[in-house]
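Worksheet: the structure to be examined is printed underneath.
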Amino acid sequence: MDLKSTQRIEVPTDTVTPKITSEDVAKVVPLDLQQGESESRVFSRIADRGVSLWINSSILNDTSVGRLAKSTQEKLKTDIILPAKEPEGISHKFTLKVEAFQALARMHYSGWLKADFNYDLKSSTADFLVHEKIFVNKDLIFSHRTSREQALSSVALAWSW
């Protein structure tokens, strides 16, 4: 075999198979896992995020199944807006959302202040959080969590930089 007369082998590049990046993984795997969180809770959160990502993908949006899934997901989220009566008045917005795989119900309010209410059906735990901006980069936070075993209230100062 004469090496000088052989042709170079060209390996084709796979442009069809989608590549999974670290950004894709971060969209599915929750990065705010708590120590001691149960396996079923983690799997539920991953399933919720994965299904949400899949439903919102451009590939699925073009199919009838995708349109049905998106419609169902939209029905599990509702925004209620009460506009201000005066130009300088305060508008009130309530966002209600159900996360089926996690058995969570969430409500967010913005208007006079910002507040969140979360109810976890699996553990029968309710969280109430009020946060108000007191300086450009500082928020005053009041939170209350109640479960079958205990009730815990706290006040905190949070800042961003």
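Every number in this text was worked out from the coordinates using simple rules, so none of it is lab data. If you're wondering where the values come from, they're calculated on a predicted model, not measured in any experiment. Cβ atoms come from the backbone with ideal geometry, glycine included; neighbour counts cover every protein chain shown.
Axis of helix 39-55 versus longest Cα principal axis of the chain: the two differ by about 70°, to the nearest ten degrees.
When the charge dipole of the chain is built from unit charges on Cβ atoms (+1 for Lys and Arg, -1 for Asp and Glu) and taken about the Cα centre, the candidate among Leu104, Phe94, Thr21 whose Cα reaches farthest toward its positive end is Phe94.
The value of relative contact order for the stretch 90-161, using C-alpha pairs under 8 Å at least six residues apart, is 19 percent. Between the helical axis of 64-75 and the longest alpha-carbon principal axis of the chain there is an angle of about 20 degrees. Under a model in which nothing but the beta-carbon of Lys, Arg (+1) and Asp, Glu (-1) is charged, the chain shows a dipole of about 220 debye around its Cα centre.
Which one of Ala115, Val42, Thr6 has its Cα pushed farthest toward the positive end of the charge dipole of the chain, where Lys and Arg give +1 and Asp and Glu give -1 at the Cβ? Among Ala115, Val42, Thr6, the one farthest towards the positive end of the dipole of the chain is Ala115. Partners of Lys93 within straight-line reach, counting lysines whose Cα lies under 22 Å from its Cα and excluding those fewer than 8 residues away in the same chain: Lys75, Lys77, Lys85, Lys114, Lys133. Neighbours of Thr95, meaning other residues whose beta-carbon lies under 15 angstrom from its beta-carbon, give a summed charge of +2 when Lys and Arg score +1 and Asp and Glu score -1. At 1.306 mPa s and 10 °C, plugging the Kirkwood radius over alpha-carbon pairs of the chain into Stokes-Einstein gives what diffusion coefficient in µm²/s? Stokes-Einstein gives a translational diffusion coefficient of 79 µm²/s. Neighbour counting of Cβ atoms within 10 Å sorts the residues Glu99, Glu10, fewest neighbours leading, into Glu10, Glu99.
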